[in-house]
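Asker: Could you have a look at this structure, given as structure tokens, before my questions?
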Amino acid sequence: MKNILITGGAGFIGSHTAVELAAAGYGVVIVDNLSNSDMTAVEGVRRITGCDMPFEQVDCCDRHSLAEVFDRHRVDAVIHFAAYKSVGDSVARPLEYYRNNLLSLVNVLEVMGEAGVRHIVFSSSATVYGQPSSLPATESSPRLPATSPYGNTKQMCEDILRDTVAANEGLSGVSLRYFNPIGAHPSALIGELPRGVPANLVPFVTQTAAGVREVLSVFGDDYNTPDGTALRDYIDVVDLARAHVSALRRTLAGENDARYEVFNVGTGAPVSVLGLIKAFERVNGVRVPYRIVGRRAGDVEAVWADTSLANLTLGWRAERTLDETLAAAWAWERRVRGM
Ligand code: NAD
Ligand code: WQD
């Protein structure tokens, strides 16, 4: 059995990926410093899978402790999720973001080198595209100058990975550029747990529907889009988790033509903010009070993925419908609130 070490595995996307890896027959070791998560996600993963997955509470910035994890476990590949991810926070605290996101990856790559681990999948983001001049965004659409330190760390990490793969013949790397991950596991045992006021749309929608927030602000209805609100590509977190399994399978089998590859992970379908709210209300039979306010600084008008490369090369495609995803998001919120 191949063993996969996942950093940030107690987080939103990492926990769902741990479940899909176990379902695909991989052994999983979870590493997380719990800076933006807690043990409930690890317990949820163990419950869903019935596997007593090892958990290591380690900070990837602590190179020595990270190396010890690789001594304790046989590792065939790494999926590196661990990072800080708040765009707004990164503007206020850039050095924390540069330190955590860059140093974590550098340490992971160095320790992998020492331990002879030759495969890594990295969590990148559609944020690297900014506002593409033509849509949908393909992997060869230009990366535009980042508008936040967070976005900059994703570009820099992609480059660190590309250069490290180029310099090390035995190493292969994949950057997955996620579009807008949303939803929760259908069991409602794991999901997204934002701390404080959510910055992202779907957690704000679910909390407003639950009565935790009074009203949802829709940031701008004067965009050049069919209903005036911004367009995004919302990808179900379980589909996203499965894209990691497909990417790993390919790299572990040595099927990648280039040793460093980049794939978009989205649905390929644009959805507007108002469209998402209406779908959520219809599917779940619940109201989401909202008001239109001004645009949010730094937001792009529209971005969605051309997913053909992942579809053809990884044999992966998004399968869950927006309705299923929004129902799962609501079931998770209700469980968290004891509703
Ligand atoms: P998350 O915050 O839920 O998960 C990240 C996990 O990493 C957390 O459990 C946190 O405790 C852990 N972590 C952070 N720094 C660490 C460190 N130094 N050592 C060990 N653990 C550490 O975030 P997520 O939404 O699951 O995102 C996972 C990855 O995907 C991140 O790299 C993020 O930038 C990227 N990404 C997320 C989105 C999104 O919208 N959620 C979109 C694109 C890319
Ligand atoms: C989606 C749409 C908002 C909240 C961010 C990061 C990106 C990536 C994913 C990590 C936008 C609108 C939102 C609200 C609203 N993360 N909105 N009211 O901005 O596309 O992407 O998360 O890599 O890097 O920038 O996602 O969920 O914040 O917003 O109207 O209360 O919903 O303006 O149009 P975004 P989001």
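The values are calculated or read from the model by the stated rules, or taken from the named source; none is laboratory data. All values reported here derive from a predicted model rather than from experimental measurement. Cβ atoms come from the backbone with ideal geometry, glycine included; neighbour counts cover every protein chain shown. The protein model used for the area step is the full one, side chains on, heavy atoms only, and it has no ligands, DNA or RNA in it. Shrake-Rupley method; radii C 1.70, N 1.55, O 1.52, S 1.80 Å.
Asker: Applying the selection to the range 84-109, what residues are within 17 Å of residue 164 (Cβ to Cβ) and either near ligand 1 (Cβ under 10 Å from one of its atoms) or assigned to a loop (DSSP other than H, G, I, E, B) (or both)?
Answerer: Of all residues in the range 84-109, those within 17 Å of residue 164 (Cβ to Cβ) come to 101-109.
If the condition is that a residue be within 17 Å of residue 164 (Cβ to Cβ) and either near ligand 1 (Cβ under 10 Å from one of its atoms) or assigned to a loop (DSSP other than H, G, I, E, B) (or both), then 101, 103, 104, 105, 107, 108 are the ones that fit.
One line per residue, one yes/no per condition, for (1) touching a Leu at 6+ places or on another chain (Cβ under 8 Å); (2) basic (Lys, Arg); (3) open to solvent by 20 Å² or more (accessible area, probe 1.4 Å); (4) closer than 18 Å to residue 266 by Cα:
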| site | (1), (2), (3), (4) |
| --- | --- |
| 127 | no, no, yes, yes |
| 131 | yes, no, yes, yes |
| 150 | no, no, yes, no |
| 179 | no, no, no, yes |
| 187 | no, no, yes, no |
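Asker: So, one more: I'd like to check something: does the range 279-295 contain any residue that is under 25 Å from residue 128 (Cβ atoms) and either open to solvent by less than 40 Å² (accessible area, probe 1.4 Å) or touching a Ser or Thr at 6+ places or on another chain (Cβ under 6 Å) (or both)?
Answerer: Residues of the range 279-295 under 25 Å from residue 128 (Cβ atoms): 295.
Within this subset, residues satisfying the condition of being either open to solvent by less than 40 Å² (accessible area, probe 1.4 Å) or touching a Ser or Thr at 6+ places or on another chain (Cβ under 6 Å) (or both) are none.
For the range 279-295, residues under 25 Å from residue 128 (Cβ atoms) and either open to solvent by less than 40 Å² (accessible area, probe 1.4 Å) or touching a Ser or Thr at 6+ places or on another chain (Cβ under 6 Å) (or both): absent.
Asker: While we're on this one: Residue 220 is checked against (1) in contact (Cβ under 8 Å) with a residue 60 or more places away in the chain; (2) away from ligand 1 (no atom under 13 Å from the Cβ); (3) in contact with a Ser or Thr (Cβ under 7 Å, 6 or more places away or on another chain); (4) open to solvent by 10 Å² or more (accessible area, probe 1.4 Å) and fails just one. What number does that condition carry?
Answerer: All conditions pass for residue 220, except number (4).
Asker: Check whether at least one residue in the range 104-123 is farther than 22 Å from residue 248 by Cα and modelled with pLDDT of 95 or more, and report yes or no.
Answerer: Checked against the condition, which is being farther than 22 Å from residue 248 by Cα and modelled with pLDDT of 95 or more, the range 104-123 yields no hits at all.
Asker: Specify which of the listed residues (257, 227) is out of contact with any Cys (no Cβ under 6 Å at 6 or more places or on another chain), of a type outside the set (Ser, Thr, Tyr) and modelled with pLDDT of 95 or more.
Answerer: Values: 257 fails: modelled with pLDDT of 95 or more.
On inspection, the qualifying residue turns out to be 227.
Asker: Applying the selection to the range 317-333, what residues are crowded, with 23+ Cβ neighbours inside 10 Å and more than 23 Å from residue 208 (Cβ to Cβ)?
Answerer: If the condition is that a residue be crowded, with 23+ Cβ neighbours inside 10 Å and more than 23 Å from residue 208 (Cβ to Cβ), then 318 is the only one that fits.
Asker: Also, quick follow-up: From the list 224, 200, exactly one residue is within 11 Å of ligand 2 (Cβ to nearest atom) and among the polar types (S, T, N, Q). Which is it? Quick ask: steps written out before the conclusion?
Answerer: Working: 224 fails: within 11 Å of ligand 2 (Cβ to nearest atom).
Step by step, each of 224, 200 is checked, and only 200 is within 11 Å of ligand 2 (Cβ to nearest atom) and among the polar types (S, T, N, Q).
Asker: What are the pairs, 6+ residues apart or on separate chains, where a residue within the range 79-102 that is within 12 Å of ligand 2 (Cβ to nearest atom) has its Cβ under 7 Å from a residue that is part of a helix (DSSP H, G or I) and among the acidic types (Asp, Glu)?
Answerer: Matching pairs, first to second residue: 84/96.
Asker: Shifting gears a bit: Restricting to the range 223-248, count the residues that are touching an Asp or Glu at 6+ places or on another chain (Cβ under 8 Å), of a type in the set (D, E, K, R) and open to solvent by 10 Å² or more (accessible area, probe 1.4 Å).
Answerer: 2
Asker: Go through the range 36-47 and count every residue that is outside any loop (DSSP other than H, G, I, E, B) and open to solvent by 50 Å² or more (accessible area, probe 1.4 Å).
Answerer: Kept after step one, since they are outside any loop (DSSP other than H, G, I, E, B), are these residues of the range 36-47: 39-47.
If we keep only those that are open to solvent by 50 Å² or more (accessible area, probe 1.4 Å) too, we end up with 39-40, 43, 46-47.
Number of matching residues: 5.
Asker: Suppose the filter is over 19 Å from residue 67 (Cβ atoms) and either in a helix (DSSP H, G or I) or of a type outside the set (A, V, I, L, M) (or both); does residue 114 pass it? Spell out the reasoning first.
Answerer: On the way: over 19 Å from residue 67 (Cβ atoms): no; either in a helix (DSSP H, G or I) or of a type outside the set (A, V, I, L, M) (or both): yes.
No, not satisfied.
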